[in-house]
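Only one structure is covered here, and it is reproduced in the block below.
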Amino acid sequence: MAGGKLTPRQKMINLMYLVFIAMLALNMSKEVLSAFGLMNDKFESANSKSAMSNKDLLATLDSKGSENAGEFGAAKATADKVAVISKTFFDYIEALKKDALKETELEDGKLPFESMDKGATIDEAWFSGDNYSAKGNEIISTIEKYKTEMKNALAGQDKLKANLSEINTKFDVSDVKDREGVSKKYLEYNFEHFPLIASIAKLTAFQNDIKKSEADIYNTLLGKAAVDAASYSKFKGFVVLEKNAYFQGEAVKGTVVLGKYDPDTHPTYITPGIGKIENGQAVISETAGAVGERSIKGEFRFAENGKSIPVAFEGNYVVVPRPNSATISADKMNVVYRGVINPITVSFAGVSDNNVTASAPGMSKGTGVGKYNLSPGQGTELKINVSAKLPDGKVVSDTKMFRIKGIPGPVGAIGGTMGVQKGAKSRLLVSQVSAILPDFDFE
């Protein structure tokens, strides 16, 4: 444009055009550099927020793992490994950035984006001719080490396969083909001859990928542990009846519910005397007491998010007498005697003594369970009425008729024998004279 047979004026105009185009190119270059700088700042800010968020996620896993090692212990162990691996790699990238910026002076505390247009610092440190330098090889080895360590940390966990695949994709250091189809080494394609600010922004983006991968793994671990904990394989069906003893013909009422069974669940507290905790259960072992309905109630306490969560429980059971004697009666010999206190024993099958009441003329409560004293009056018959209050509140009753007899008249006896007797005089001298009540079978 500036050559050929041109007038001085035309030559001046052409020169001005060249200067103008150069100025445009210079301004465009500064705008691009500033854009890279602003991108770097955005990534730096995002990394700071991600660091705090990841810290909270890890703290949540630590807390869950401490409270419930069975459900969250494995997730916590994996998260701890991921945290160490991620921090080591993040810090390594940070060291690369500091090394690349060691000759760059800050302006008002910030990087001078528009003057960071040269890439010699990285080119000289990372490359040697067409190959990597020792530093370049170290960078590739460190990236591969990060991927290998993450693979080992996440091994055997199907839920984390997607996370591992994403890490391998983000940090793939295979050779790359440029627009012309020429194969180039990874660092050469991404960093060689680039402006310094562009390379710094790219390294900060690496750090952002590390933080995001770390967060994704934590969230997956929390979700996986929660899903495993909620799995129906951990639940059992339980039949919960309103009570544990029923009378024939009585309506049986209750519910069938799902209850979680987890041998790794460990309460921090259980009401004293209930039982010993074994495999996530309170094993009850006590001696049944008095006959009647009894209850077992108390509460568990579990640690959750730093708080003690109470879980109340209550159940009932019925104590019945152990069979140790037979009730034998002569159906035609229900007799009580007038003039003496007749001991009577009353019981109602399946009902405790305190819920049984017996009554009859001349009858009073005696000493002992089911014991009564009966002193019949006039008449030839007596009816004993018995009522019992059942556990469901209903009252049942029964009656028993007894004949009343008077005490037979006394008959004299010598030596325990009544009537006319014959014998030696010597025997008569030593025999005792007494009175016997014949046919009075009262022990």
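Since every read-out is calculated from the coordinates, none of them should be taken as a lab result. For clarity, every value in this text was computed on a predicted model and none was experimentally measured. Reconstructed Cβ throughout: ideal geometry from the backbone, glycine too, with neighbour counts over all protein chains shown.
A few comments on the model shown:
- Using θ = phi - 60° in the Karplus curve 6.51 cos²θ - 1.76 cosθ + 1.60, the 3J(HN,Hα) couplings for segment 380-386 round to 10, 9, 9, 10, 9, 9, 10 Hz; x is entered for Gly and Pro.
- Using 0.36 nm per residue and subtracting the Cα-Cα separation, the extra length available between THR169 and LYS405 on full extension is 74.2 nm.
- Descending by average beta-carbon neighbour count within 10 Å, the peptides 208-216, 367-375, 334-342 line up as 208-216, 334-342, 367-375, the highest first.
- Formal net charge of residues neighbouring VAL386 (Cβ-Cβ distance under 14 Å; K, R +1; D, E -1): +3
- Of all lysines in the structure, the ones whose alpha carbon falls short of 28 Å from that of LYS243, not counting any fewer than 8 places away in one chain, are LYS234, LYS253, LYS260, LYS276, LYS297, LYS389, LYS394.
- Protection proxy ranking of 190-198, 161-169 - average other beta-carbon atoms within 10 Å, highest first: 190-198, 161-169
- Protection-proxy order for peptides 49-55, 200-206, 348-354, 34-40, each taking the mean of Cβ atoms within 10 Å per residue, highest first: 200-206, 34-40, 348-354, 49-55
- Candidate cross-link partners of LYS135 among the lysines, defined by an alpha-carbon separation under 17 Å and a same-chain spacing of 8 or more, comprise LYS97, LYS98, LYS102, LYS145, LYS185.
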